[in-house]
Amino acid sequence: MQQEVKTLESRRKQQEEESLGVMTQIETVEAEESGQTIGLKNLESEWRKEHAALIEEAQRLKALITELKGKRETVVAQIDSQMLDYYNQLKAKKGTAVAKIEQGMCCGCRISLSTAELQRVRMGKIVECSSCHRVLYLD
Ligand SMILES: [Zn+2]
């Protein structure tokens, strides 16, 4: 009888310890879940902010495109039609009809330009690159 009571007592203790272990595991998982929920909320909040900023940027760029299209129309109306045809042909063939000059080089094809070419561009003449035939300009 006494032995049986001891055995039952020891089994009860063992079950209590197991229950404590399971409760501790549950608490750990709950804490992790809570941490992940906070992380998710932070990510969602960041995403919303970025999304709003991107929509704003897209609207700004759309307005800029409209403005630049208007400017382009004004400029195109002032350009000699032969020159405009030449520009359009170059653009169709090369993707970009004009090339900036940087450090004496054509940015369209990376060839070094001659002093004479640079001089003519500086004088405001229309000069095409001897290699890629884009119209050169200085900033
Ligand atoms: Zn070039």
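Please treat every number below as a calculation from the coordinates, not as lab data. Please read all numbers here as calculations on a predicted model, not as lab measurements. With ideal geometry, Cβ positions are generated from the backbone for all residues, glycine too; neighbour counts draw on all protein chains shown.
Considering only Asn42, Ala58, Thr7, and ranking their Cα positions along the charge dipole of segment 1-78 that arises from unit charges at the beta-carbon of Lys, Arg, Asp and Glu, the one farthest toward the positive end is Ala58. Over the chain, the fraction of Cα-Cα pairs per 5 Å bin, rounded to whole percents and listed from the shortest bin up, is 2, 8, 9, 9, 8, 7, 6, 5, 5, 4, 4, 4, 4, 4, 3, 3, 3, 3, 3, 3, 2, 1, 1, 0.
Could you pull out every one of the aspartates and glutamates with an alpha carbon less than 20 Å from that of Lys71, ignoring same-chain neighbours closer than 8 positions? List returned: Asp80, Asp85, Asp139. Expressed per residue, the C-alpha convex hull volume of segment 1-78 stands at 57 Å³. Just add up the charged neighbours of Cys107: K/R +1, D/E -1, any other residue whose Cβ is under 10 Å from the Cβ of Cys107. Around Cys107, the surrounding residues sum to +2.
For the chain, a crude dipole built from +1 on the beta carbon of Lys and Arg and -1 on the beta carbon of Asp and Glu, taken about the Cα centre, is about 1420 debye to the nearest 20. Taking the average, over residues, of other Cβ atoms within 10 Å as the packing measure, peptides 41-54, 80-93 rank 80-93, 41-54 from highest down. A cysteine counts as unpartnered when no other cysteine's C-beta lies under 4.7 Å of its own; in the chain this applies to Cys107. Size descriptor for segment 80-139, Kirkwood hydrodynamic radius: 11.5 Å (Cα pairs only, one decimal). When the helices of the chain are scored as -39500 (n - 2.57) per DSSP H run of n ≥ 4 and the total is divided over every residue, the value at 222 nm lands at -26000 deg cm²/dmol.
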